[in-house]
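*Asks:* Pasting a structure below so you can have a look.
The values are calculated or read from the model by the stated rules, or taken from the named source; none is laboratory data. Remember, predicted model here, so these are calculated numbers, not experimental data. Cβ sites come from the backbone with ideal geometry, for glycine too, and all protein chains shown count toward neighbours. Note: accessible area is taken over every heavy atom of the protein model, side chains too, but ligands, DNA and RNA are not part of it. Shrake-Rupley method; radii C 1.70, N 1.55, O 1.52, S 1.80 Å.
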Amino acid sequence: MSLRLIANWKLNGSKEFNDQWAQEFFKNFSSSNFKSIGIAPACIYIDHFRKVIGECGIEIGAQNICDEDSGARTGEISASMIKDLDCKFSLIGHSERRIFFHESNKTISKKLNQANNNSVMPILCIGETADENQKNNTYDVLESQISEALQDLIELNSLIIAYEPVWAIGTGKTPNPEEVNTVHKMIKDVVQSRFPKIGLKSVLYGGSVNSKNASSLFSLEHIDGALVGGASLNGKEFAQIANILNELY
Ligand code: PEP
């Protein structure tokens with residue numbers, strides 16, 4: 001499975017939202033190829049959303065998993081639990097988790113391990129802050145986020161990395177697509193040279209992607225797809241982004 005377009009619904013949604021979203025999405029999606037699309041609703045709605053979309057082929061995943069498999073971690077959800085709900089992937093290390101829940105690269109590494117042990121595809125999110133970007137520290141920050149997250153995982157069957165500059169998330173600002181392309185190439189080179197036993201499937205871009213800027217991003221060699229937050233909450237808008245991706249691949 002290689003996901004190319006993932007919706008991150010964050011702390012949004014309801015049963016009614018799921019129903020309306022699916023109606024809008026299916027009305028506007030112009031292909032029958034759902035295989036590379038993933039949706040990460042709030043965990044509590046996973047089963048409901050699966051019933052709403054049926055067996056169309058869209059993968060459902062989680063926005064986060066615990067770094068432990070079971071035990072005294074009140075409120076947490078493990079990789080084995082989401083696997084039990086037939087989830088195929090989980091976001092790991094989203095910048096909102098790093099900022100609001102103080103997740104370290106060490107914790108993120110443990111979460112990657114949990115995902116790997118349970119055959120859940122990890123979507124490792126990395127990205128620099130505005131300050132780091134202005135100081136031209138982007139490469140160093142990304143390299144250390146990758147290295148620290150992956151160093152204890154000698155082998156990882158499959159991995160997707162989402163490059164999400166923190167300053168581009170939810171702000172309407174996006175880096176120049178050529179810059180994103182260069183960063184993605186660097187990410188692929190770092191993983192391939194330093195972690196040759198890790199199966200990197202794709203590198204997605206995330207940060208204010210919408211149907212207007214999608215084709216300028218997707219047309220570049222190393223941008224394999226996108227992780228979409230705000231724009232994914234609108235079923236029609238997300239379908240339009242998916243249509244653009246489908247036309248290019
Ligand atoms: C995200 O939070 O992963 C994201 C990409 O958000 P947005 O598309 O709203 O910038």
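*Asks:* Å³ per residue of the Cα convex hull, for region 66-117?
*Replies:* Values: hull volume 4.3 nm³, N = 52.
Enclosed volume per residue, from the Cα hull, is 82 Å³.
*Asks:* Still on this structure, please answer the following. Report, ordered by chain and residue number, the aspartates and glutamates lying within cross-link reach of K10, taken as a straight Cα distance under 18 Å and ignoring same-chain residues fewer than 8 apart.
*Replies:* D19, D47, E59, E76, E96, E103, E164, E237
*Asks:* Within straight cross-link reach of K197, meaning Cα distance under 30 Å, which lysines are found once same-chain residues fewer than 8 apart are removed?
*Replies:* Candidates past the 8-residue exclusion: K35, K83, K88, K106, K110, K111, K185, K188.
*Asks:* Please identify every one of the GluC sites (Glu not before Pro) in region 164-249 that sits in a loop by DSSP and has no more than 15 other beta carbons within 10 Å of its own beta carbon. All intermediate terms of the calculation are to be shown ahead of the outcome.
*Replies:* Values: sites: E178, E179, E221, E237, E247; in loops: E221.
The qualifying sites are E221.
*Asks:* Per 10 Å bin from zero, what fraction in whole % of the C-alpha pairs of the chain is there, up to the bin with the longest pair?
*Replies:* 7, 34, 38, 19, 2
*Asks:* Next question, about the same structure. For R50, tell me the accessible area in Å² from a 1.4 Å probe, rounded to the nearest 10.
*Replies:* Approximately 60 Å² for this residue.
*Asks:* Further question: Using a probe radius of 1.4 Å on heavy atoms only, what accessible surface per residue do you get for region 176-249? Whole Å² is fine.
*Replies:* Values: 3080 Å² over 74 residues.
Per residue, region 176-249 has an accessible area of 42 Å².
*Asks:* Roughly how many Å² is the accessible area per residue of region 83-132, as a whole number, for a 1.4 Å probe?
*Replies:* Values: 2070 Å² over 50 residues.
On a per-residue basis, region 83-132 sits at 41 Å².
*Asks:* For the chain, with a Gaussian network of springs between Cα atoms less than 10 Å apart, report the residue from A72, A214, A22 with the top mean-square fluctuation.
*Replies:* A72
*Asks:* Round to a whole number: what % of the accessible area of region 5-248 belongs to carbon and sulfur, probe 1.4 Å? Don't skip to the end; give the middle numbers.
*Replies:* Values: 5220 of 11110 Å².
After summing per-atom areas, the C and S share lands at 47 percent.
*Asks:* Could you tell me which helices of the chain pass both thresholds, a Cα extent of 30 Å or more along their own axis and a mean Kyte-Doolittle hydropathy of at least -1.0, with helices taken as whole DSSP H runs?
*Replies:* What comes out of the filter, once short or polar helices are dropped, is none.
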